[in-house]
1. Kindly state which strands (runs of 3 or more DSSP E) lie completely within the stretch 60-110 and contain at least 1 residues that are touching a residue at least 24 places away in the same chain (Cβ under 8 Å) and open to solvent by 80 Å² or more (accessible area, probe 1.4 Å).
2. If you check ILE9 against the conditions, is it surrounded by 15 or more Cβ atoms within 10 Å (Cβ to Cβ), modelled with pLDDT under 85 and closer than 24 Å to GLU107 by Cα?
3. If you take the residues of the stretch 7-46 that are assigned to a helix (DSSP H, G or I) and basic (Lys, Arg), which of them is farthest from the chain's Cα centre (by Cα)?
4. Go through (1) open to solvent by 80 Å² or more (accessible area, probe 1.4 Å); (2) modelled with pLDDT of 95 or more one by one and return the number of the condition ARG15 breaks.
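The values are calculated or read from the model by the stated rules, or taken from the named source; none is laboratory data. Treat the numbers as computed from the prediction; the structure is a model and nothing was measured. Don't worry about glycine lacking a Cβ; one is built from the backbone with ideal geometry, like all the others, and counts go over all protein chains shown. In case anyone asks, the SASA skips ligands and DNA or RNA and just uses the protein heavy atoms, side chains included. Shrake-Rupley method; radii C 1.70, N 1.55, O 1.52, S 1.80 Å.
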Amino acid sequence: MTMISAIEIGRSEARIDALRAEFGAIMAARMVEAEAADFLWETRVSERYLGQHLDVEFGGDDECIELSRIAVLSLLDRRWHASVCLVDGEGAAVDLLWKQDFQRRDEAEAAYDRAA
């Protein structure tokens, strides 16, 4: 299992490096920031269920979508991140509620453990 995680993290790092090579560092950073929920979710090392989140869309029929709040510990772009994502029933990140980044894993793990 650790090997699969290391492979996935390596793929995301390679993807970020490819974005930098094609678009430059500034544009790549903007792309990663715009898609932060997906990148953090894909590079997660650990996840913890925090509870349900009901998302009410203010559209025509006021449909209610049930999402899960998940605390995530990720290694992305050579930095550790603690975050909380909203995840749909199919296991895809939908939104990022908050994130913090750290140089050291133990600091990120402490923030991950405090996530509520």
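1. On the way: elements: 64-76, 79-87, 93-102.
The strands (runs of 3 or more DSSP E) meeting that bar are 93-102.
2. On the way: surrounded by 15 or more Cβ atoms within 10 Å (Cβ to Cβ): yes; modelled with pLDDT under 85: yes; closer than 24 Å to GLU107 by Cα: yes.
Criteria met by ILE9.
3. First pass over the stretch 7-46, keeping only residues assigned to a helix (DSSP H, G or I): 7-23, 25-34, 36-42.
Subset that is basic (Lys, Arg): 11, 15, 20, 30.
On the way: ARG11: 15, ARG15: 15, ARG20: 20, ARG30: 15 Å.
Filtering the stretch 7-46 for residues that are assigned to a helix (DSSP H, G or I) and basic (Lys, Arg), the one farthest from the chain's Cα centre (by Cα) comes out as ARG20.
4. Every listed condition holds for ARG15 apart from (2).
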